1. Please work out if N193 is over 30 Å from S235 (Cβ atoms), surrounded by fewer than 15 Cβ atoms within 10 Å (Cβ to Cβ) and modelled with pLDDT under 95.
2. Step by step: first the residues of segment 207-249, then only those that are at pLDDT 90 or above and more than 17 Å from L330 (Cβ to Cβ), then the one that is surrounded by the fewest Cβ atoms within 10 Å (Cβ to Cβ). Which residue is that?
3. Six or more apart or on different chains, Cβ atoms under 7 Å: show the pairs whose first residue is in segment 311-335 and touching a residue at least 24 places away in the same chain (Cβ under 8 Å) and whose second is acidic (D, E).
4. In segment 281-295, is there at least one residue being surrounded by 20 or more Cβ atoms within 10 Å (Cβ to Cβ), in contact with a Pro (Cβ under 7 Å, 6 or more places away or on another chain) and closer than 27 Å to I229 by Cβ?
5. Suppose we filter S189, S110, S181, S115 for residues that are within 21 Å of A269 (Cβ to Cβ), touching a residue at least 40 places away in the same chain (Cβ under 8 Å) and not β-branched (V, I, T); which single one remains?
6. Inspect segment 311-319 for any residue being under 14 Å from F204 (Cβ atoms) and either touching a Ser or Thr at 6+ places or on another chain (Cβ under 6 Å) or of a type in the set (D, E) (or both) and give the result as yes or no.
7. If I go through segment 241-280 residue by residue, how many of them are small (G, A, S) and within 23 Å of L160 (Cα to Cα)?
8. Please find, among F183, F195, F124, F130, the residue that is aromatic (F, W, Y) and more than 27 Å from N314 (Cβ to Cβ).
Amino acid sequence: MEISKRVLRTEEVNHCPGHPLRVKTEKIAGARRAENLLEDMIVAHCLPLSTSPPPSKLGANSLKAPSLSLLNSKFGRNELCIKCSCVKEEETAKVFEDFSVLGSYIPWDSGSVWSTMAFYLFSFHVPLSFGGLAVVAHVLHQPMLDPQTEALSLLAIQTLELSAVLWLLRCIVQPQYNIYSFFQAKNQSKERNWFLASVLGFGFLILLVFSTSLLADQLIGPKDVNNSILKEILSSGPISETACILVYCFLTPLLEEIVYRGFLLTSLASEMKWHRAVVISSAVFSAAHFSGENFLQLFVIGVVLGCSYCWTGNLTSSFVIHSLYNALILVMTYLS
């Protein structure tokens, strides 16, 4: 009797569309179908399901509850998808960290890096670069130097500053260390050769400088890029022109690359992430020029030169990029 009542109640539920029990059952089945469809979409987005059937469409046949093995396989694929994403992020981070070949060893005391930089800046760089010409004019009893005398004086001042830097490094480095090793390859691969890094770095530098110049013009207004004094020196004769080329294309790039990349960047990279070391050394490089309106452009130049040095471990690449950029500035000034 009890069984017949249950059968009648079941037939009543099936034949009555608005029956509360049937409505509740259909809601549960619909929720299960939506959940299964969402899982199928997630799995299909993460991994190609070449060995499993495609997700079922919504329809009458989809009312069947999914099997336990199917759910386990879907959850397994979701977990695998998450693991793959983590692996890709780790590989990307490893490639970024392996960009630099600079090591943790430096042939001088790491605690004396900033004191050495301060000694160089205030004992050699500022007095010679910003007061050297005034001293020459005072010694020669001339209120203003003629272009040829100024060019030769710049050549002598930069040579003196470079000699002072080499002497300073010789005093602080270990006796067995050779300063010229800055320009030697450190067991690098063919992909990290200085020539390729120089070509790519110079092209990238020109693009960045052009972009930052446009940005600076929008923010602070356009400025006159022509250096009338430099143009006068270049136009005053072959002696002045030769001296100017030696200063801007050889001595100055060599001096600045040894100080800001070879010494400062190498020291910072031994104690912190290479990209942080590049940012800090570039900021010091830019600030040392004491030019507020050119700070951003000089900072960008320092970043490109620093990345080139980190990639090759060889100052030759950054020196070549620096020399080519200065040569381009000289040509543009001469033709303007």
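The values are calculated or read from the model by the stated rules, or taken from the named source; none is laboratory data. What you are looking at is a predicted structure, and each value in this text was computed from that prediction instead of being measured. So basically every Cβ, Gly included, is an ideal-geometry build from the backbone, and we count neighbours across all protein chains shown.
1. On the way: over 30 Å from S235 (Cβ atoms): yes; surrounded by fewer than 15 Cβ atoms within 10 Å (Cβ to Cβ): no; modelled with pLDDT under 95: yes.
No: the conditions fail for N193.
2. Selected residue: L207.
3. From segment 311-335, the pairs are L315/E257; S318/E257; F319/E257; H322/E256; H322/E257.
4. Scanning segment 281-295 turns up no residue that is surrounded by 20 or more Cβ atoms within 10 Å (Cβ to Cβ), in contact with a Pro (Cβ under 7 Å, 6 or more places away or on another chain) and closer than 27 Å to I229 by Cβ.
5. Numbers: S189 fails: touching a residue at least 40 places away in the same chain (Cβ under 8 Å); S181 fails: touching a residue at least 40 places away in the same chain (Cβ under 8 Å); S115 fails: touching a residue at least 40 places away in the same chain (Cβ under 8 Å).
Result of the check over S189, S110, S181, S115: S110.
6. Taking segment 311-319 first, the residues under 14 Å from F204 (Cβ atoms) are 311, 317-318.
This time we only want the ones that are either touching a Ser or Thr at 6+ places or on another chain (Cβ under 6 Å) or of a type in the set (D, E) (or both), so: 317-318.
Yes, segment 311-319 contains at least one residue that is under 14 Å from F204 (Cβ atoms) and either touching a Ser or Thr at 6+ places or on another chain (Cβ under 6 Å) or of a type in the set (D, E) (or both).
7. In the first step, residues of segment 241-280 are kept if they are small (G, A, S); the result is 243, 262, 267, 269-270, 277.
Imposing the further condition that a residue be within 23 Å of L160 (Cα to Cα) reduces the set to 243, 262.
Count: 2.
8. Numbers: F183 fails: more than 27 Å from N314 (Cβ to Cβ); F195 fails: more than 27 Å from N314 (Cβ to Cβ); F124 fails: more than 27 Å from N314 (Cβ to Cβ).
Selected residue: F130, the only one of F183, F195, F124, F130 that is aromatic (F, W, Y) and more than 27 Å from N314 (Cβ to Cβ).
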